[in-house]
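The values are calculated or read from the model by the stated rules, or taken from the named source; none is laboratory data. Source: prediction; values computed, not measured. We place every Cβ from the backbone using ideal geometry, glycine too, and count neighbours over all the protein chains shown.
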Amino acid sequence: MSNPKICIHCNKPVEKYSDDYEVFEQMHWLCFHLVHEHEGDPDVPCDDPSCPWFHIEVLRSKLEQLGIDPQGAITEAINKKWKL
């Protein structure tokens, strides 16, 4: 049985992108992005097109353009996930 791959940044198991563990310097992709690629406040989208916060802002803006309340969509998804 192989040892689990542990992120050297957050000390949690790397599962989803474990095949790229060495490429991302023994980190989760997100930890790698925040440590090595993300510029500025980690809670604010950066200029990297792969930045997850950038993706969230793009999707939020598109939902609003379509007349969908982003927070309402999140609340609906939470309720569905937890069967509320």
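Please go through segment 30-62 and give me each residue that is at pLDDT below 95 and hydroxyl-bearing (S, T, Y), ordered by number.
S50
Please specify each residue of segment 1-51 satisfying the condition of being assigned to a loop (DSSP other than H, G, I, E, B), hydrophobic (A, V, I, L, M, F, W, C) and in contact with a Cys (Cβ under 9 Å, 6 or more places away or on another chain).
Correct list: C7, I8, C10, V14, F24, M27.
Restricting attention to segment 42-84, and to residues there that are over 23 Å from H28 (Cβ atoms) and of a type in the set (A, V, I, L, M, F, W, C), which single residue is surrounded by the most Cβ atoms within 10 Å (Cβ to Cβ)?
L63
Can you confirm whether segment 19-38 contains a residue that is closer than 21 Å to I56 by Cβ, under 15 Å from the mean Cα position of the chain (by Cα), loosely packed, with under 12 Cβ neighbours inside 10 Å and of a type in the set (D, E, K, R)?
no
Quickly run through segment 39-84 and pick out the residues that are among the β-branched types (V, I, T) and within 15 Å of the chain's Cα centre (by Cα). Before the answer, list the steps.
Our first condition is that a residue be among the β-branched types (V, I, T); within segment 39-84, this holds for 44, 56, 58, 68, 74-75, 78.
Matches in segment 39-84: V44, I56, V58.
Pairs please, first residue from segment 73-84 and closer than 19 Å to I56 by Cβ, second anywhere and assigned to a helix (DSSP H, G or I), Cβ atoms under 8 Å, 6+ apart in sequence or on different chains.
A73/L63
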